[in-house]
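For reference, the structure is listed below as structure tokens.
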Number of protein chains: 2
Amino acid sequence: MPHPLDSFFAPASIALIGASRDHEKIPGRLLAMLRKNEYPGKIYPVNPNYAEIDGLACYKSIADVGAPVDLAVIIIPARAVLPALEQCASAGVKNAVIISSGFAEEGGDSAAMQDAIAALAKRTGIRISGPNAEGFFSQVQRVAATFSPAVDVKPDVVPLIATTRRIGIVAQSGGIGFAYYHRAKALGIAVSYVVSAGNESDLGAGEFLDYMVQDSSTDVILLFIEGIRDVGKFLAAARRAAEAKKPVIVTKVGRSSAGMRAAASHTASMAGWSAAYDAVFARFGFIVSNDLDEALTIAAVLASNPLPKGDRVAVVTVSGGAGIWGADAVALRGLQVPELSESIQAGIATLMPSYGSARNPIDVTAQGVTSGGLQKSVDLLTVSDEVDAILVVLSLSSDVRMPFKEPELKPVLAAQHKPVVFYSYTLPSEFARRELAKSGVVVLSGLTHVGVAMRQLVDYAGFRLPKLADETRLPARDLSAHLTSPVLSEADSKALLRAAGIALPDEVLAKDKSGLDEAIARTGFPLVMKIQSPDIAHKSEVGGVRVNITTKGEVFLAFETLLNNARQHRPEADIQGVLVGPMAKRGVEIIVGTMTDETFGPMVMVGLGGITTELFRDVVYRPAPVSAEEARAMLAALKAAPLLNGFRGAVKTDVAALAQLIADISVLAARHASEIAEIELNPVLVHAEGQGVTIVDALVAGRG
Amino acid sequence: MPHPLDSFFAPASIALIGASRDHEKIPGRLLAMLRKNEYPGKIYPVNPNYAEIDGLACYKSIADVGAPVDLAVIIIPARAVLPALEQCASAGVKNAVIISSGFAEEGGDSAAMQDAIAALAKRTGIRISGPNAEGFFSQVQRVAATFSPAVDVKPDVVPLIATTRRIGIVAQSGGIGFAYYHRAKALGIAVSYVVSAGNESDLGAGEFLDYMVQDSSTDVILLFIEGIRDVGKFLAAARRAAEAKKPVIVTKVGRSSAGMRAAASHTASMAGWSAAYDAVFARFGFIVSNDLDEALTIAAVLASNPLPKGDRVAVVTVSGGAGIWGADAVALRGLQVPELSESIQAGIATLMPSYGSARNPIDVTAQGVTSGGLQKSVDLLTVSDEVDAILVVLSLSSDVRMPFKEPELKPVLAAQHKPVVFYSYTLPSEFARRELAKSGVVVLSGLTHVGVAMRQLVDYAGFRLPKLADETRLPARDLSAHLTSPVLSEADSKALLRAAGIALPDEVLAKDKSGLDEAIARTGFPLVMKIQSPDIAHKSEVGGVRVNITTKGEVFLAFETLLNNARQHRPEADIQGVLVGPMAKRGVEIIVGTMTDETFGPMVMVGLGGITTELFRDVVYRPAPVSAEEARAMLAALKAAPLLNGFRGAVKTDVAALAQLIADISVLAARHASEIAEIELNPVLVHAEGQGVTIVDALVAGRG
């Protein structure tokens, strides 16, 4: 199916605006790179100072080319860019990449020039990447529209290619995007495209991601993000990736305050709140990695292996110590390393010395290479139903010796029964990389990264895109009458929630003592009394809460005390009265909330209640709305999840009811995103299975 | 100062028992390696089948050599090893390395042969490394007593050496030990020794560690452990390393159950309980790393830099995206990346384009390399008191271009003002490695490892060996009369603790109702009553606890109920009575305990009480005994530490009293290690500052 960016990524003709003869400088390098990589289309250098460059006719302006141009690559001083783009648009150029810097990243007038570029794209329909971009590279189409040294072609080097599947790289930093490519080449990972996004005046990472998702030559996507600007396109592309089960490995930087400060001054992008990014990544099953080598290791494993059917790993090694380390590397990431059956052990044991071990890790010893134990282990394990993946741990430093023979290894791996991952504890030699590449093997050299990659592979294999939220459960209601002040009191917050269709205990707001009798009658004993004021967020801190009240006398006394305490601590507070409600049944304390992220909008969160949540940062976020199914996945992701599931002999709690509440609150927050900034239910008590949940306290903040 | 192992690591003469002409096999390779590495001493091949090997006279037996032999390297079939060793001992050979396999790792008769080797060493005084070892390599003395291909000398390769300081490698796995060396060579880290320990019949990792600690040619130690056997020597060497402030980077494998299983079958070593290992490492300031590249990155940084004076890092980069990532990498590990002063910013800003940034990260952009901003940044920052370390993030993939000039960079780094760490996001070229090595730079290529290394450097710089425990605080007492059953009841446990000098609330064990009046008189109201039986570990589970009792009537009723509940739930239990004690003041719930590790003996632990401890595994161990100072360090290492220090407006607790209790309990456990297996104080309530702690419940288990 054609894609609007086909003419961008596979242009039939390229104009090089600002072309130069000086190969030492960036403009000259662009032309050299295009030609060295054997770009098959037409190239039109544009520069009023030359009639010819390197044997190609050079044009005074784009208007002079007089032939269709799919892509203009622009590398001229910042102030000249806009006029050049106007000419491109007039000449019918379809796409442009602006390499030049000095726009939004400088602020002021320069930022205004970028706004004008964006407006021009919108007005004329020309699609523009950059400014401040490093361009892109298409391995498939042989388009090197970049000055990155990473795409330089060395005549004496035969490319190393170990994978049949290809990775596509989308990076908001050209430096990093092409660093991925540079390292991927060394590992033998085939690459379809590398594209750097720069300042994203028009084309952004979201749209590039979309291209990679639909592109049939891209099997795995590597994404490097500072901050997403084309949010809608990004989210749509992410959903399509999840639906197509095309893995996306994402790195999001700007997670620390120093990193965010740097992002702001770099491509003028807002790094944003990384928890919101992680929530979006989690929804779409993106594989998050914060390390370059780790991300490439995951990509390498995905590009050369099928997905595993389970989490049981066999570790095969020639060195005892390295085998123990290999077992640790996967087991400490939660994968199983089961002891193997007698029959498998017997099948291997005869092919290695008596001081080896066939249990798992299988240590065939150095002797086992020549005596056949190593290959036999891989043979038996690839077809065994005792394990779901194999980690081969060995030394591949030799320049002349190989522990595997291609005719034996290649067919076993080509059958793609299960992942077989190769790690060398010595630094792998180029010889070993090239020999094993013939069998489709990427040799990996970072053991922790390998352990993480195998775990990520198992998780990704088990990922299912969660159901969409059920928007029909909560009736659509006009809540504007409830949103009279920026922060609502507990009573007002609960009134809003009730109006929205959320179930809450029956409570009475007593404005004066005359209301207390009715409150007691409706509530019954034991009961709870809480001072109500939009100006008092933390009621306990002002002595504004009394619990477990069992007599009428106590009720009247408490009313007096609560009002006095409030007046004493907060003389200026607007007091609404005292909220009287029943004591809740016991349950596990949970906090449920919503908030608004500046990039992705409404978010829903859940965490264990109490101070330990804060101490251990055990909270999980998702973009709102979520379905009850996705809410259950959120709960399962909490470190404190066991507390809900009958930890240490406690009763199992009503996780279904809690999940439904999270879903309902998330629908409410998403639907009223323009009015409601924040909802906090803290605590929610989760009772025993079948006995539901109780919202004990609630706070709603409007956007006003 | 001479060391007993000098003649082992720097032998004046080597006999090769089992020497061979076949360079393809291990015995032949040993001789070749020795000669290729230009061993300067005498070599005596021993093999009854040859008169000469490779131009060297070959001897029928060690007895025929007729000259002093410092080291015998033995590579003959397992059954022949013991007789050969006997001959060596008779001939006055000082040391032996047994490469041969087939001993303890096979079990049965083969294990018995190893025992005989150990006995021979003890009897004759010959020092023996192995069997099942890969030998050792001394770069300094040019002794390649190993068949590892990692020490092979390629005639056309000039060694890459970037560091003036050297690392010494001690590994219980030869495969891993020489893999460290192989990778260290590629990075340009100078190495003093690599020694593999094998089965450690006589010489063990502890003794080798001791050698490296006192060795003046070794500045940083890399240690790979499966399980320590020579515990006393290891602990003594560890203490000496801490006292000499010589950094030890340690990897301990066999941390997962699969890894432990593998360790057991590998070198027949017990991997042991890794928490105990980590406790020992923490005491001596060892830097723990579970990844090979990470460990080498830490070693590289230590071998080429001074220790930092604080935790403030400047990130200098040529790529915006990479700079953000660099800032994240250090900031997310808890280091500061402070914004720089106006004056520093001004000093750099003129040397880079307007779209760069001098704030920190400092992005001088690609232009900043040629315009001087990069070098100027390093110049200014190395002498600035605004930062304590510098991370330079750049692309070093070029085979021809260098971003730094040696005459400019070398003197700045040679001054060793502060750590300057170089990371390349593209794969560094050999050219760049060699060029920068001239200035003393090890180019690193894993950013997460770099972040970890810089954090470890800061932590190591701040480490001080804690004071020894104060053994005089607790009087020496005979506690044997208290240890009448394997598990003591709470009352008996507390009686033992009181006898040992630990302060506890006054409590009364009421055996029948007649004792209750006295108990009330001694305790006062409110009080707590708990059933007592050595057979009932979890009193709450049998309805055996009543708290907050305020009247005499309740006391008598509770006594009845507690006994009835116990009889009903545990009819067979031996009931001692009911323990009556005062209700404790409120406090933060802490658990303090001791246990016995099979490798390191008594351990003391502390954790936050309640179920969250278990959920978040927030406990800290140290070998017992500890001083109060070390106990405070334990408390500071808890994730829950803020709860003790006035988290969220709560009062600060009596950390000093808690630390003293931990110290006292640890002294008690260590002193009575032969009688007491375990002490558990759970909970200990820590009251407000100055108000002490209360041991609420206690359990002591004897070793009987």
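Got a sec? Which of B:P45, B:P83 is crowded, with 20+ Cβ neighbours inside 10 Å and free of Cβ contacts under 8 Å to residues at least 40 places away in the same chain? Explain how you work it out, then say what you get.
Working: B:P83 fails: crowded, with 20+ Cβ neighbours inside 10 Å.
Being crowded, with 20+ Cβ neighbours inside 10 Å and free of Cβ contacts under 8 Å to residues at least 40 places away in the same chain holds for just one of B:P45, B:P83, which is B:P45.
Counting only helices (runs of 4 or more DSSP H) that sit wholly inside segment A:151-261, those with at least 3 residues that are small (G, A, S) are A:174-187, A:231-243.
Give me the pairs: first residue in segment A:99-111 and in contact (Cβ under 8 Å) with a residue 60 or more places away in the chain and surrounded by fewer than 19 Cβ atoms within 10 Å (Cβ to Cβ), second residue in a helix (DSSP H, G or I) and small (G, A, S), beta-carbon distance under 7 Å, and six or more apart or on different chains, which are they? Once the first residue is in contact (Cβ under 8 Å) with a residue 60 or more places away in the chain and surrounded by fewer than 19 Cβ atoms within 10 Å (Cβ to Cβ) and sits in segment A:99-111, no partner that is in a helix (DSSP H, G or I) and small (G, A, S) comes close enough.
Of all residues in segment A:422-432, none are outside any helix (DSSP H, G or I), over 30 Å from B:V151 (Cα atoms) and at pLDDT 95 or above.
Given the condition closer than 30 Å to A:E630 by Cα and of a type in the set (F, W, Y), answer yes or no: does some residue in segment A:594-609 qualify? So far as segment A:594-609 goes, yes, one or more of its residues are closer than 30 Å to A:E630 by Cα and of a type in the set (F, W, Y).
Conditions tested, residue by residue: (1) farther than 30 Å from A:A663 by Cβ; (2) assigned to a helix (DSSP H, G or I); (3) of a type outside the set (D, E, K, R).
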| position | (1), (2), (3) |
| --- | --- |
| A:D535 | yes, no, no |
| A:S540 | no, yes, yes |
| A:E554 | yes, yes, no |
| A:L562 | yes, yes, yes |
| A:Q568 | yes, yes, yes |
| A:E589 | no, no, no |
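Take A:T163 and tell me if it is within 14 Å of chain B (Cβ to nearest Cβ), of a type in the set (V, I, T) and either farther than 30 Å from A:A414 by Cα or crowded, with 24+ Cβ neighbours inside 10 Å (or both). Criteria not met by A:T163.
Taking B:D291 as the residue in question, decide whether it is acidic (D, E), surrounded by fewer than 24 Cβ atoms within 10 Å (Cβ to Cβ), within 13 Å of chain A (Cβ to nearest Cβ) and within 29 Å of A:A329 (Cα to Cα).
Numbers: acidic (D, E): yes; surrounded by fewer than 24 Cβ atoms within 10 Å (Cβ to Cβ): yes; within 13 Å of chain A (Cβ to nearest Cβ): yes; within 29 Å of A:A329 (Cα to Cα): yes.
In short, yes.
Considering (1) surrounded by fewer than 16 Cβ atoms within 10 Å (Cβ to Cβ); (2) under 33 Å from the mean Cα position of the chain (by Cα); (3) farther than 30 Å from B:A263 by Cβ, the lone condition that B:E38 does not fulfil carries the number (2). For segment A:318-333, filtering for residues that are more than 8 Å from every other protein chain (Cβ to nearest Cβ) and assigned to a loop (DSSP other than H, G, I, E, B) leaves 1.
Among the residues of segment A:13-20, not a single one is of a type outside the set (V, I, T) and surrounded by fewer than 17 Cβ atoms within 10 Å (Cβ to Cβ).
Those residues that are surrounded by 20 or more Cβ atoms within 10 Å (Cβ to Cβ) and more than 9 Å from chain B (Cβ to nearest Cβ), I need them from segment A:334-355; list them, please.
At the first step, the residues of segment A:334-355 found to be surrounded by 20 or more Cβ atoms within 10 Å (Cβ to Cβ) are A:335, A:337, A:340, A:344, A:348, A:352, A:355.
Within segment A:334-355, A:L335, A:L340, A:I344, A:I348, A:M352 meet the criteria.
In this structure, is A:G125 closer than 21 Å to A:S7 by Cα and either surrounded by 19 or more Cβ atoms within 10 Å (Cβ to Cβ) or within 32 Å of the chain's Cα centre (by Cα) (or both)? Taking the combined requirement at face value, the residue satisfies it.
The rows are residues; the columns are (1) of a type in the set (A, V, I, L, M); (2) in a loop (DSSP other than H, G, I, E, B); (3) at the interface with another protein chain (Cβ under 10 Å from one of its Cβ atoms); (4) under 21 Å from A:A179 (Cβ atoms).
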{"position": "B:V392", "(1), (2), (3), (4)": "yes, no, no, yes"}
{"position": "B:D399", "(1), (2), (3), (4)": "no, yes, yes, yes"}
{"position": "B:L409", "(1), (2), (3), (4)": "yes, no, no, no"}
{"position": "B:S439", "(1), (2), (3), (4)": "no, yes, no, no"}
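Kindly indicate which of A:R498, A:R546 is under 25 Å from A:I665 (Cα atoms) and free of Cβ contacts under 8 Å to residues at least 40 places away in the same chain. Quick ask: steps written out before the conclusion?
Values: A:R546 fails: under 25 Å from A:I665 (Cα atoms).
Selected residue: A:R498, the only one of A:R498, A:R546 that is under 25 Å from A:I665 (Cα atoms) and free of Cβ contacts under 8 Å to residues at least 40 places away in the same chain.
For B:T596, the conditions (1) without any contact (Cβ under 8 Å) to a residue 60 or more places away in the chain; (2) farther than 30 Å from B:V651 by Cβ; (3) crowded, with 17+ Cβ neighbours inside 10 Å all hold with the exception of (1). Every condition in (1) under 23 Å from B:A537 (Cα atoms); (2) touching a residue at least 24 places away in the same chain (Cβ under 8 Å) holds for B:Q660 except the one numbered (1). Filtering segment A:631-668 down to residues that are among the charged types (D, E, K, R) and under 26 Å from A:L497 (Cβ atoms), which residue is surrounded by the most Cβ atoms within 10 Å (Cβ to Cβ)? For segment A:631-668, the residue satisfying everything is A:D664.
Kindly indicate whether any position in segment A:273-295 is touching a residue at least 60 places away in the same chain (Cβ under 8 Å) and within 20 Å of A:G130 (Cβ to Cβ). Don't jump to the end; show me each part of the working.
So in segment A:273-295, the residues touching a residue at least 60 places away in the same chain (Cβ under 8 Å) come out as A:273, A:275-280, A:282-287, A:289, A:291-295.
Checking the rest, the ones that are also within 20 Å of A:G130 (Cβ to Cβ) come to none.
Scanning segment A:273-295 turns up no residue that is touching a residue at least 60 places away in the same chain (Cβ under 8 Å) and within 20 Å of A:G130 (Cβ to Cβ).
For the criterion of being buried (at least 24 other Cβ atoms within 10 Å of the Cβ), at pLDDT below 95 and either under 30 Å from A:R240 (Cα atoms) or of a type outside the set (S, T, N, Q) (or both), A:G326 fails.
Only one residue in B:T472, B:T484 is out of contact with any Cys (no Cβ under 9 Å at 6 or more places or on another chain), assigned to a loop (DSSP other than H, G, I, E, B) and more than 23 Å from B:A701 (Cβ to Cβ). Which one? Quick ask: steps written out before the conclusion?
On the way: B:T484 fails: more than 23 Å from B:A701 (Cβ to Cβ).
Just one listed residue meets the conditions, B:T472.
Here is a check on your reading of the model: is B:T484 out of contact with any Lys or Arg (no Cβ under 8 Å at 6 or more places or on another chain), outside the structural domain of B:V686 (by TED's automatic domain parsing), closer than 18 Å to B:L557 by Cβ and at pLDDT below 95? For B:T484, the condition - out of contact with any Lys or Arg (no Cβ under 8 Å at 6 or more places or on another chain), outside the structural domain of B:V686 (by TED's automatic domain parsing), closer than 18 Å to B:L557 by Cβ and at pLDDT below 95 - is not met.
Before we move on, is B:V578 under 30 Å from B:V555 (Cβ atoms), outside the structural domain of B:A698 (by TED's automatic domain parsing) and not in a loop (DSSP other than H, G, I, E, B)? Answer is yes for this residue.
Taking into account only those residues within segment B:600-631 that are of a type in the set (G, A, S) and touching a helix residue (DSSP H, G or I) at 6+ places or on another chain (Cβ under 7 Å), which is farthest from B:L468 (Cα to Cα)? Once the filter is applied, the top-ranked residue is B:G607. Residues in segment A:368-388 that are within 14 Å of chain B (Cβ to nearest Cβ), touching a residue at least 12 places away in the same chain (Cβ under 8 Å) and either within 20 Å of A:T297 (Cα to Cα) or among the β-branched types (V, I, T) (or both): A:V369, A:V387. Name the single residue, out of those in segment A:508-527 being touching an Asp or Glu at 6+ places or on another chain (Cβ under 9 Å) and among the charged types (D, E, K, R), that is nearest to A:P683 (Cα to Cα). Top of the filtered list is A:R522.
Going by the conditions given, is A:A144 surrounded by 24 or more Cβ atoms within 10 Å (Cβ to Cβ), over 27 Å from the mean Cα position of the chain (by Cα) and either within 23 Å of A:K25 (Cβ to Cβ) or away from chain B (no Cβ under 12 Å) (or both)?
On the way: surrounded by 24 or more Cβ atoms within 10 Å (Cβ to Cβ): yes; over 27 Å from the mean Cα position of the chain (by Cα): yes; either within 23 Å of A:K25 (Cβ to Cβ) or away from chain B (no Cβ under 12 Å) (or both): yes.
It is true that A:A144 is surrounded by 24 or more Cβ atoms within 10 Å (Cβ to Cβ), over 27 Å from the mean Cα position of the chain (by Cα) and either within 23 Å of A:K25 (Cβ to Cβ) or away from chain B (no Cβ under 12 Å) (or both).
When segment A:446-489 is filtered for residues that are crowded, with 23+ Cβ neighbours inside 10 Å and within 14 Å of another protein chain (Cβ to nearest Cβ), the ones remaining, listed by number, are A:G446, A:L447, A:T448, A:H449, A:V450, A:G451, A:A453, A:M454.
The values are calculated or read from the model by the stated rules, or taken from the named source; none is laboratory data. Predicted, not measured: the structure shown is a model, and the values here were computed from it. Every residue, glycine among them, receives a Cβ derived from its backbone with ideal geometry; neighbour counts consider all protein chains shown.
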